[in-house]
Amino acid sequence: MRDFKTIAFATDFSDCSEAAFDYAYSLAKKCDAKLLLVHVINEPVDLRGFYVPHISYDVLEDEISEGANKMMDSFCRKNIQEGDNYAVAIVSGLDYEEIINQSTLANADLIVMGTSGRSGLDHMLFGSTAEKVVRKSPIPVLTVSSGKS
């Protein structure tokens, strides 16, 4: 079996991600590997130049970032044990690009992520982050279906 030293886990805090986390976490424990938890904040639509009452673009960005950090803190408190070897990366950008980028920067040996199993028109319109990561990543990717379609 391949020696995994760092395993990247991409999460959007959905049920699909929760299902994939079990695989990433148990594999990291069995291989005594570091677990990198990656969350990508999708770039919000730039609203500058439009009238949006009672909120500025900078405030919106700060609130989104603060919310992502709170969600990650909560996720870690719930799922990570004291003494576990892990790191967190919360970044803004295109989800699939940043998952690959953060995993590459961490010298990850594997990326683990959930997939929602979209199909038909829904898949055609929105695509799949997991599919894009699988197609473009130089790092092997393990996708885990939540079993819900």
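Coordinate-derived values only; no laboratory data. Bear in mind that the values here come from a model prediction, so they are computed numbers and not experimental data. Positions of Cβ are backbone-derived with ideal geometry, glycine not excepted, and every protein chain shown enters the neighbour counts.
Data table
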item	result
Neighbour net charge for residue 33 - beta-carbon separation under 10 angstrom, K R +1, D E -1	+1
Chain lengthening between residue 131 and residue 3 when straightened (0.36 nm per residue, less Cα-Cα)	43.6 nm
Cα-Cα over 23 Å, subset of 30/78; 29/136; 30/132	29/136; 30/132
Ascending count of other beta-carbon atoms within 10 Å, so fewest first, for 104, 11	104, 11
Per-residue ³J(HN,Hα) for segment 131-139, Karplus 6.51 cos²θ - 1.76 cosθ + 1.60, θ = phi - 60°, Hz, x for Gly and Pro	4, 5, 5, 4, 5, 9, 7, x, 9
Residue-wise HN-Hα coupling along segment 62-77, computed from phi with Karplus coefficients 6.51, -1.76, 1.60 (Hz; x: Gly, Pro)	4, 5, 5, 5, 4, x, 5, 5, 5, 5, 5, 4, 5, 4, 5, 4
Nonlocal amide H pairs with residue 88, under 5 Å, H built at 1.01 Å	37
Residue order, fewest to most beta carbons within 10 Å, for 31, 16, 76	76, 31, 16
Positive minus negative residues near residue 12 (Lys, Arg vs Asp, Glu; Cβ under 13 Å)	-4
For residue 144, residues with placed amide H under 5 Å, excluding near neighbours	113, 114, 115
Partners for residue 5 among aspartates and glutamates (Cα-Cα distance below 16 Å; same-chain residues under 8 apart left out)	32, 84, 109
Label-to-label distance, nm, for residues given as residue 32 and residue 97 (7 Å Cα→Cβ offset)	3.9
